[in-house]
1. Out of everything in the stretch 348-367 that is within 14 Å of the ligand (Cβ to nearest atom) and among the aliphatic types (A, V, I, L, M), what residue ends up being farthest from Asn423 (Cα to Cα)?
2. I'd like to verify a number: residues in the stretch 584-626 that are assigned to a loop (DSSP other than H, G, I, E, B), in contact (Cβ under 8 Å) with a residue 40 or more places away in the chain and not hydroxyl-bearing (Ser, Thr, Tyr), how many?
3. How about the stretch 642-685: which of its residues are part of a loop (DSSP other than H, G, I, E, B), hydrophobic (A, V, I, L, M, F, W, C), touching a residue at least 60 places away in the same chain (Cβ under 8 Å) and farther than 11 Å from Tyr599 by Cα?
4. So, in the stretch 193-222, of the ones that are over 24 Å from Asp45 (Cβ atoms), crowded, with 23+ Cβ neighbours inside 10 Å and more than 16 Å from the ligand (Cβ to nearest atom), which residue ends up farthest from the chain's Cα centre (by Cα)?
5. Would you please list the contacts, defined by Cβ atoms under 6 Å and residues six or more apart or on different chains, that run from a residue in the stretch 327-340 that is farther than 11 Å from Phe61 by Cβ to a residue that is open to solvent by 10 Å² or more (accessible area, probe 1.4 Å) and part of a loop (DSSP other than H, G, I, E, B)?
6. Go through (1) crowded, with 24+ Cβ neighbours inside 10 Å; (2) aliphatic (A, V, I, L, M); (3) closer than 18 Å to Glu760 by Cα one by one and return the number of the condition Leu237 breaks.
7. Just the residues that are closer than 18 Å to His972 by Cβ and either exposed (fewer than 14 other Cβ atoms within 10 Å of the Cβ) or touching a Gly at 6+ places or on another chain (Cβ under 6 Å) (or both), please, taken from the stretch 902-941.
Amino acid sequence: MIRTGKARVHALRSLALLLFLSAAGTAALGDGETAPARDAKQPVDDAYTAKIKKYTTQPFFTSPLVDYLPASKNVPTPEAVLGDVAGAPGILPYAEDVYKYMRLLEKASPRVKVFSIGKTEEGREMIAVAVSSPENLKNLEENRARLTKLADPRAIKLDDEEADRIVAQAVPVYYITGTIHSPETGAPTALMELAYRLAVDESPYIREIRDGMITLITPVVEVDGRDRMVDIYRWHLSHPKDFYPPLIYWGKYVAHDNNRDAMGVTLKLTENVLKTYVGWKAQVLHDLHESVPYLYDNTAGDGPFNAWVDPILTDEWEMIGWRNVSDMTKFGMPGVFTHGVFDTWSPGYLMFIAAMHNGISRLYETFGNGGADTLPRTLDPEEYARTWYRQNPPLPKVLWSQRDNNNYEQTGLLTSLHYFNENKHLFLKNFYLKAKRSVTKPAAEGPAAYVLPADDPRASSQAELLRVLQKQAVEISRSTAAFTVALPVKKSAKPKKDAKDTKEKDTPPVPTTREFPAGSYIVRMDQPYSRIADALLDYQYWSPDDPQKTPYDDTGWTFGELFGVQVTRVTDPKVLDVAMERVKEVRAPAGVSGDGTIYAINNNAEPTLATLRYKLHDASIEAAEEPFESGGKKFSRGSFILRNVTRAQLNDAISDLGLQATSVSAMPSVKTHPVRAARVAFVHTWLSTQAEGWWRIALDNLGIPYDYISTQIVAKTSDLNAKYDVILFPPVGFFSSPTAIINGLPSAWGNPLPWKNTPETPNLVGKNDSTDDMRPGLGWEGVANLQNFVAKGGVLLTATDTSRFALSIGLADGVSVGNAQKMKIVGSVVGTRLVDAASPIAYGYDEKLSAYCDNGPIFSLSSISGARGFRRLGGEMHTRPTGRGTADDPDFTIGRPGAEVPEEPKSEIWENPLLTDEQLHNNFRVIPPANRARVIFRYADSKELLISGLVEGGDEIAQHAAVVDVPTGNGHVVLFSINPVYRGETRGTYSLVLNTILNFDSLNSGRKLAEK
Ligand SMILES: [Zn+2]
């Protein structure tokens, strides 16, 4: 049915009236429940209340909880700092102003305490504000001690009755976090006012919350991004007719992905919130977002749920969520719902810190305008449609204000807090039970522990992985003696009907035990936070048949695989009886053995090898091009041979790097090449910076220096070789088409979009990059400069979308990208196989390597310039013609003897196809062998492609090249189909990038050329 505009407006009005009328009704209450109504005896701040009303665009966009502000003689309202009420149009406070207000509250009220919880990457403070009764705030430590016993039931010997006694006395902690996503701007003012209400309001409804629990608030999670966002908004206010720049940087490193860091804990904001959550022993972590009308409790999706969360938790999500919907619906507020499009599989979201630490994760999407302007907003049909989980949907078109947003956020939070407090004994007991079930995990579902062996050759990566677990508050132990565990008995696979040879039938018996050396790390599963360790270290399987067809985020993440370290899941409970001690600080063994003038360090693809090269400026370092032995020790290909460095210098440099150097008496008789500290340019676009942000943080943490330059600078630098040896062009992410990279943002119309610090925008640049106008892209000059750079000997490294870009503009020849038909690899861990062990890019790697892949480009190789590589169709296309004999017999021609059929040259999927004599004849397009692409790693065979996550239609990319080095001119273009540097989770593939940097001028080492 098509409605005319007029009819639609009319319908809207009638609906508005109806809703308004229903809002006046009183909510039905359960036995003993307190009504949400203000205290008639407490005076109201009339001026503030009048403004709330003024800025609320519809009478039904508010509730009896927030449509007034109680007055206080000594406690300042948010107006004291904002100059207006919370959510007022045109007002967006900096984090500093929000903190200033919270500290004013603290000064004026014994019911508020402010805690500093750490700093951001750019040095800004993060805070947590506790609001509760003065008595609760006085007894914080006693209460924490009680909560600690519930959080770690080992302290009370898993005694349920003792737990009940503690539950009866304990005050729960509900932790609310605001504006992690910087363009989602409403939370800070909503939380300022919420803190005021909780501190001042004497209505029984609020008093019960205040006396019964501690509300903990971090009003700004992404502080660096908030200040940039406020800058932009101010710029917009003073240039109202101009377009304003998009928020290209949020935090120093990443944007929206700051809410995908709860596994790797790479960002400060994650670390600080995690520490606060765990330190306070909070029961809930409730994170506020603004991208869905009007309040979507985006906690529990429609599956598949994360397989490691306790079913007690999934029930709690529904209880609180549906109660929220019910309460707000009774207030007459439209568009409040739960359930929906989320899947709840990945544990990477900030709120999931609670889900993985025995608490309750929660997330609101409210509606926001990306600033404090009041705007008409028109929804898509799917947004305002009534569905089974959204019986009272949002309206198709409304005028929306930041105050509306603040009303919804506060009403949702207050009803949640109240409901939580009314049922706090239940939730505290659940908190205990979830912790208890984590402790009893070995005997329940298992496993008993994960073991990381002491003799893992990648000691520094192993230590990194263990440090991630420690950041997650997981206890790490270390065995004091060697031990043996029984391995699970694998059910024998069905006998293969078509086993081709006896080899397959006579595979050696599967070992039934495994021995681990003394010093092996044991991650016990009988500890309160076993859940997060299990979730990170286990494997994930997302069925291609899952009814959920659009995974919300990554589907696989197995940390042992992605870190390139050995992790064994042990189900044998005897592992818990092994002699072991708790490890405070994980330190990989490091140091120098022997004294001399020449030292060797084995290469196991440890990223810290690159750190060492840049640390030891003056040392001469060479890489061995073949494996060698010295003093009875075996060194793999690519091992470092160091000279011109003293033992003390070397020891000093490697002690923190988890590397071990050995002095060798003489220079090993093996071919070597120098490992020089390449001059690196790191290129970003002005389209999107997040995907490259993860690369930046990895390089920064490893101490690899680089110049951070935009595509605009590439366009302006005609002699890139004069400054750089290697140009990294990491993935762009959003808006990454080749045309977008070249053309940039539209500049034929509109105004320049500056990204630079001015008095009006003092925070924009931070420690990142600046430009007078974000719009110009790489341009054709930039393309030419990159082409020249490679032609003159430079190394250009690209990954995923920038690989597509490089190939589409002809920066490398002999490689093409095929289109996926049915392939779905959604943020999964996949298997790859080493193809060319002699390439320096492969130094330190084994035959098998796990990598992160998200529908990576499907590379095909060709030995003919400009030709698209394609999958050979295989033997079945060359079956014999219809004729005499059987299928295996040769055909014959009457009257002449049979002719010998020349053999078709055969090559593997990942190889350069061999050329026939026909193809070689006078073919100036044939790429000479030395110029052909060199495949370093390929994707595993179809059957072995999936390690963790979802792989559907994997045969389209199976066996295809995953990492390719294409000699171009005098230089190289190194193309990645996998993303080797991602979210701090893929340390195992970092060295593919670092090896390219370290061996930039010797990438052809060990290369074997085709004959023709
Ligand atoms: Zn968000």
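The values are calculated or read from the model by the stated rules, or taken from the named source; none is laboratory data. Here the structure is a predicted model, which is why all the values come from computation and not from measurement. No Cβ is skipped: glycine too gets one built from the backbone with ideal geometry, and neighbour counts run over all protein chains shown. Heads up: the accessible areas ignore ligands, DNA and RNA and are worked out on the full protein's heavy atoms, side chains in. Shrake-Rupley method; radii C 1.70, N 1.55, O 1.52, S 1.80 Å.
1. Among residues in the stretch 348-367 that are within 14 Å of the ligand (Cβ to nearest atom) and among the aliphatic types (A, V, I, L, M), the one farthest from Asn423 (Cα to Cα) is Leu350.
2. 18
3. Leu657, Leu659, Val675, Ala677, Ala678
4. Here the residue is Met213.
5. Thr329/Asn392; Lys330/Ala27; Phe337/Tyr389; His339/Tyr389
6. (1)
7. Ile927, Pro928, Ala930, Arg932, Ala933
The rows are residues; the columns are (1) open to solvent by 10 Å² or more (accessible area, probe 1.4 Å); (2) at pLDDT 95 or above; (3) on the phi > 0 side of the Ramachandran plot.
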{"position": "Arg679", "(1), (2), (3)": "yes, yes, no"}
{"position": "His684", "(1), (2), (3)": "no, yes, no"}
{"position": "Asp700", "(1), (2), (3)": "yes, yes, no"}
{"position": "Gly703", "(1), (2), (3)": "yes, yes, yes"}
{"position": "Asp707", "(1), (2), (3)": "yes, yes, no"}
{"position": "Ala715", "(1), (2), (3)": "yes, yes, no"}
{"position": "Val732", "(1), (2), (3)": "no, yes, no"}
